[in-house]
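Data first, discussion second: the structure below is written as structure tokens.
Here, each number is a calculation from the coordinates, and none is a lab measurement. Everything numeric in this text was worked out from a predicted model, so none of it was measured. When we count neighbours, we look across all protein chains shown, and the Cβ atoms used for this are built from the backbone with ideal geometry, even at glycine.
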Amino acid sequence: MRFGRLAPSGAVVLADVPEPVPGTGEITVRLAACGVCGTDLEKLRGNYRTAGILGHEPVGRVARVGAGVVGLAEGDRVFVHHHVPCYACPVCARGDLTFCPEYSRSNLDPGGFAEVFRVPAANVARGAVLPLDPAVEWGSGALLEPAGCALTALRRVAPPDGASYVILGLGPIGLLYARVARALGASWIGGTDLSSRRRDAARGGGVDETLDPREDGGLRRAVDRATQGVGVDVAVVATGDPTAARTGVELLRRGGTLNLMGLPAPGSRLDVDLQQLYLRGVRVVPTYATTEPDLRELHRLLVGKTLALASLVSHAIPLERIGEAFALAGRPDDALKVVVTGPAF
Ligand SMILES: [Zn+2]
Ligand SMILES: [Zn+2]
């Protein structure tokens, strides 16, 4: 079978390997679709210091079930979460599940962009295989993980009812954040992106006002109009651009929250005046990845039609053309969310 892997040259290429066989407590899954994430693109650029496994947003059908697995059968439609916390350590006990030291130790083999991939026993045992309701088609299913990241972020931020937001960066993560924040009762959302295509998509998807960040003072004026000069409750950094954090702090109300969502480049610094941060009581909340309870909640929101995500998928490209899928995902004016499709699609 074939899978997409990172070549030493930094390109994504197809490799041929034997189909994985599930061991005790494991399953294998035949791929239907897996989203190309910003972090996959950063791995190609060499900016993300983790093992070079690509693809962590997969949905598909259970191919084979290993000994001792209960509750899953061949052919089941599932979403699979690649990482899973231990639920037993002091970090998990405090509820910070995605910061569990065990969290990123497990992963899909050989990754999510594979015709068939193996799910480790820890993931199966700890609930990281989620049955997909028939109402959730493959494209929306492939958005569960990144949308889950937005829900986990919002849980950690714990915004007040009817909160106002600015989202800096309207790529797939920013667009998903806007939809989830809207589903949870946001009163006003403003956003910026360099790409006019992304700004258009945001306006059709829950963002009240969108601006080009190069437009001097435009966002400040929009925030002042929307909040009577008070500032927003939450500023979300959904871009790797380190200057966005400073812009976010400036747009916050006193006591507001700066939510760091986008993966910063290694070594990037938070360039803000700490005295301003102190005197204005700004909270800085980094949020990373998502959890099984939040994925289940998100699945409920999708099934109940409180949340609709399908329109964010701009391209579904077969695994054989994975290089094209990655190239498209890296061009903001040409694509929103790109998903790679497999044999179960
Ligand atoms: Zn992702
Ligand atoms: Zn833990």
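Odds and ends about this structure:
- Calculation over all alpha carbon pairs of the stretch 150-286 in 5 angstrom steps from 0 returns a P(r) of 2, 11, 23, 26, 23, 11, 3, 0 percent.
- Theoretical FRET efficiency, 1/(1+(r/R0)^6), r = Cβ-Cβ of ARG321 and SER268, R0 35 Å, to 0.05: 0.60
- Computed over the stretch 101-205, Cα set: Rg, Dmax in Å: 16.5, 44
- Ranked MET1, MET261, criterion: other C-beta atoms within 10 Å, fewest first: MET1, MET261
- Across the stretch 150-286, the relative contact order, built from alpha-carbon pairs under 8 Å that are at least six residues apart, equals 23 percent.
- Local electrostatic count at ALA15 - Lys and Arg +1, Asp and Glu -1, tallied over other residues with Cβ under 9 Å: +1
- Listing PHE3, PHE326, PHE117 from fewest to most neighbouring C-beta atoms within 10 Å gives PHE326, PHE3, PHE117.
- Overall shape of the chain was characterised from the C-alpha gyration tensor. The equivalent ellipsoid obtained from it has semi-axes of 34, 21, 19 Å, in decreasing order.
- Helical contribution to [θ] at 222 nm, DSSP H n ≥ 4, -39,500 (n - 2.57), averaged over the chain, rounded to 500: -8000 deg cm²/dmol
- C-alpha center-to-center spacing [the stretch 1-31, the stretch 135-155] in angstrom: 23 Å
- Amide N proximity, the stretch 170-194 versus ARG225 label position 7 Å along Cα-to-Cβ, cut-off under 18 Å: 187-193
- Dipole magnitude for the chain: about 460 debye, using +1 per Lys or Arg Cβ and -1 per Asp or Glu Cβ, origin at the Cα centre.
- Zero-based 10 Å bins, Cα pair distances in the stretch 247-345, whole percents: 12, 23, 32, 23, 8, 1
- Among LEU260, LEU274, the ranking by other beta carbons within 10 Å of each residue's beta carbon, starting with the fewest, stands as LEU274, LEU260.
- By DSSP, the beta bridges lying fully in the chain are antiparallel in about 50 percent of cases.
- Each Lys and Arg Cβ is given +1 and each Asp and Glu Cβ -1; about its Cα centre, the stretch 150-286 then shows a dipole of about 280 debye.
- For the stretch 1-155, the residue among ALA135, PRO146, LEU97 whose Cα projects farthest onto the positive side of the dipole built from Cβ charges is LEU97.
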